[in-house]
Amino acid sequence: MVRHFWLGAICLAVIGTLTGCGGGGSETVAEGPDDWRAEVKVLRAGVKGSEEDPAVLRRWNRLKANLEEATGVPVEFYEASDYNGIIQAMASGQIELASVGAGSFSNLHAQIGEMAQPLFAKEDSQGVRGYYSTIIVRADSDYHSIEDLRGQSLAFVDFNSTSGYIFPRYKMREQGIDPDAFFGELAMAGGHTQAIMALANGQFDAVVSMANGGSPEQGFVGGSFRRMARRGVIDATEFREIWFAGPLPNSTYVMRKDTPQALRDLVSGLLISLAYEDPEAFQDIGRTPGSVYNAVDLEFYREMIEMRNQEIRQHRERFARRAD
């Protein structure tokens, strides 16, 4: 009971900060606080699954219990194998809630506009709401800078990955590197875990991934291969990061705006209070001590939306040249 009282107080505090709280969407005005549950029998959440990273689903299972307690409705998972699966599920109304990267949110926004409402993004103990793209090579290789990779093979993560595709390609072009011409072979690994494993197995000379919990100058405590190393899947000393780009905006929890406002307020209240009310659960879902969730809106992702648009223009121009 204490939890529900606390969440209610938090929800009242955040209502004024959330985009869309003043109207929009197709919410119905309820006469009582529980009336929306007659309309919403279940909250459906999208989860990008990975057989190589069972921690992802385990974290969502922990969050599921908190969500069900906060909202009073069952939570069901829609598990997709890639980023696009989550994007299309939300765009088509198959799910109401998901955690997506800035690139995926940009794709979702392009499809359904303000129907996709970003709620919160993580802010670390240093006040940073971002992380980095990185290029990783094997430590026993001769590659020590991105220039050493000219003509070599590189694996990106996914077309909708922020740190694994959209952002690094944008930054490479800023540095005068056309990735499609510079590297000898390009491929998609399908996920961060898959990229690291492909590098470990010698399938590529380098892979793009992500790092967080620090900076290139200070070093990082988080990121794909570091998480895998802590789980004992790989040996971190066998890898070396040779290029960084960032910071780029953290992922967001996003909900469809045609869900009842009361439901969105309860989910938002849970997320913003979790770091304080249940620190153990907050860490169990992969959040580092000292970090919190802060409200974000469309403007937080505006630059990433333009980066994605530029990437699309680049693809169209390249295909047009080939057609000629």
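Values quoted throughout were computed directly from the atomic coordinates according to the rules given, and no laboratory measurement underlies them. The model shown is predicted, which means the values in this text are computed figures rather than measured ones. Because the Cβ atoms are built from the backbone with ideal geometry, glycine has one as well, and the counts that use them run over all protein chains shown.
Quick rundown of the values:
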| quantity | calculated |
| --- | --- |
| Region 59-206: Rg to Rh, with Rh as the Kirkwood radius over Cα pairs | 1.03 |
| Local electrostatic count at Leu108 - Lys and Arg +1, Asp and Glu -1, tallied over other residues with Cβ under 15 Å | -1 |
| Environment charge at Ser153 (Cβ cut-off 11 Å; Lys +1, Arg +1, Asp -1, Glu -1) | -2 |
| Counted charge near Tyr83, where neighbours are those whose Cβ lies closer than 11 Å (Asp, Glu -1; Lys, Arg +1) | -1 |
| Potential extension, Asp148-Asp297 segment - 0.36 nm per residue separation minus Cα distance | 49.7 nm |
| Karplus 3J(HN,Hα) series, Hz, for region 111-116 with 6.51 cos²θ - 1.76 cosθ + 1.60 (x for Gly, Pro) | 8, 10, x, 6, 4, 8 |
| Shape call, region 142-228: gyration tensor on alpha carbons, a/c limit 1.5 | rounded |
| Cross-link reach list, lysines versus Lys64, counting only Cα pairs under 28 Å and skipping chain neighbours closer than eight places | Lys41, Lys48, Lys122, Lys257 |
| Thr237-Glu174 FRET efficiency (beta carbon distance; Förster radius 35 Å; 0.05 resolution) | 0.65 |
| Region 130-248: relative contact order in percent, alpha carbon pairs under 8 Å with at least 6 residues between | 43 percent |
| In region 132-224, the GluC sites (Glu not before Pro) that fall in loop regions by DSSP, at most 10 other Cβ within 10 Å | Glu217 |
